[in-house]
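One structure below.
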C-alpha cells in the first residue's frame, strides 16, 4: 500500500512538473509574441494560436498580423486579418463596437495593401458604421466617393478625416477637387490655398496650381488664373492649361472704349 502511495505521489509530482514547464513555456512564448521581433515573434504567436482554444486566439492573431505587417508579408497579414474578421462576424467573441471598428480599420488597410479596393472599402464602411475615429479610413472612403463623382458624400468624408487628425496634403487636394466637382468654386479656392505651402513634389505643385487656376477662372479672377496656369505648365504636362491661359489673356485685354455717338445737328428756323 505504501509503495502504491509513493508511486502515486511520484506520478502526481511528474504531472505538476509537466504543468509548470508548460506554464513557463506559455509565458515565455507570450512575452516573445508580445515584445519580440521578426521570426521569433511570429513563431511564438503561432505556438499560442495553435495551443489555446479557438475562441481565445483573437489577440494573438492580431499580434501575429502586426508582425507580418512589419515584415512586409502582405498575404500572410491578410490571411490573419480574414480569420479575425470571421471571428468577429460569427459572434463567438463578444467585442464592444470600438474594438470591432479597430479590427475593420486594420482590415481596410490590409486589403488596400493587397490592391483589393472593393474589400478595403467594405471594411472601411463597416469601421465607420461602428463609429471609427480613424481619419485614414474616412479618407479612403472619401477618395472612392470622389472617384464616383459623389461630391457631397466625399466632402463629408474628407471633413470627418480632417476632424480626426488626418491633415495631410492629399486630404486638402482631394477636398479641393471635390468642391471643384460640386461647382463650389469659392470653397475649392479656400481649401486649395492651404496646399500651396505644403506641396514639394513637382507633380503636386503642378496639380495644385492647375486646380487653383481653374477655380480662379470660374471666380473671374483672370490674372490669378493666368498666373496659376503658367506655374502649372512649368511644373509639367498640363493639357488644359494653355486653353485657360488663352481665355484669361482675352479677358484681360483692355476693352476698346465705345465711341461717343455724334450729336444730331438741329436746324435753326
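The values are calculated or read from the model by the stated rules, or taken from the named source; none is laboratory data. For clarity, every value in this text was computed on a predicted model and none was experimentally measured. Ideal geometry is used to build each Cβ from the backbone, glycine not excepted, and the neighbour counts take in all protein chains shown.
Which of the following residues is within 20 Å of residue 168 (Cβ to Cβ), out of contact with any helix residue (DSSP H, G or I) (no Cβ under 6 Å at 6 or more places or on another chain) and part of a helix (DSSP H, G or I): 223, 211, 190?
One residue alone meets the criteria, 190.
Could you grab me the full set of residues in the range 244-255 that are surrounded by fewer than 19 Cβ atoms within 10 Å (Cβ to Cβ) and part of a helix (DSSP H, G or I)?
Hits for the range 244-255 are 246, 247, 249, 250, 251, 252.
Might you check whether a residue that is in contact with a helix residue (DSSP H, G or I) (Cβ under 7 Å, 6 or more places away or on another chain), part of a loop (DSSP other than H, G, I, E, B) and within 19 Å of residue 124 (Cβ to Cβ) occurs anywhere in the range 174-182?
no
Tell me, yes or no, whether the range 232-243 has at least one residue that is modelled with pLDDT under 95, assigned to a loop (DSSP other than H, G, I, E, B) and exposed (fewer than 11 other Cβ atoms within 10 Å of the Cβ).
Yes, the range 232-243 contains at least one residue that is modelled with pLDDT under 95, assigned to a loop (DSSP other than H, G, I, E, B) and exposed (fewer than 11 other Cβ atoms within 10 Å of the Cβ).
I'm trying to understand the selection: among the residues of the range 89-116, which are farther than 18 Å from residue 133 by Cβ and either modelled with pLDDT under 90 or surrounded by fewer than 20 Cβ atoms within 10 Å (Cβ to Cβ) (or both)?
Passing the criteria: 89, 90, 91, 92, 93, 94, 112, 113, 114, 115, 116.
Out of everything in the range 123-152 that is surrounded by fewer than 16 Cβ atoms within 10 Å (Cβ to Cβ) and in a helix (DSSP H, G or I), what residue ends up being modelled with the lowest pLDDT?
Checked the range 123-152; the qualifying residue modelled with the lowest pLDDT is 147.
Any chance the range 200-217 includes a residue that's more than 30 Å from residue 136 (Cβ to Cβ) and at pLDDT 90 or above? Step through it out loud before you land on a result.
At the first step, the residues of the range 200-217 found to be more than 30 Å from residue 136 (Cβ to Cβ) are 216-217.
Next, from what is left, pick out any that are at pLDDT 90 or above: 216-217.
Yes, the range 200-217 contains a residue that is more than 30 Å from residue 136 (Cβ to Cβ) and at pLDDT 90 or above.
Might you let me know whether the range 163-175 holds any residue that is loosely packed, with under 13 Cβ neighbours inside 10 Å, within 23 Å of the chain's Cα centre (by Cα) and modelled with pLDDT under 95? Show your work before the answer.
Pass one, the range 163-175, residues loosely packed, with under 13 Cβ neighbours inside 10 Å: 163, 165.
Pick out the ones that are also within 23 Å of the chain's Cα centre (by Cα) and you get 163, 165.
Those still in the list that are modelled with pLDDT under 95 too: none.
For the range 163-175, residues loosely packed, with under 13 Cβ neighbours inside 10 Å, within 23 Å of the chain's Cα centre (by Cα) and modelled with pLDDT under 95: absent.
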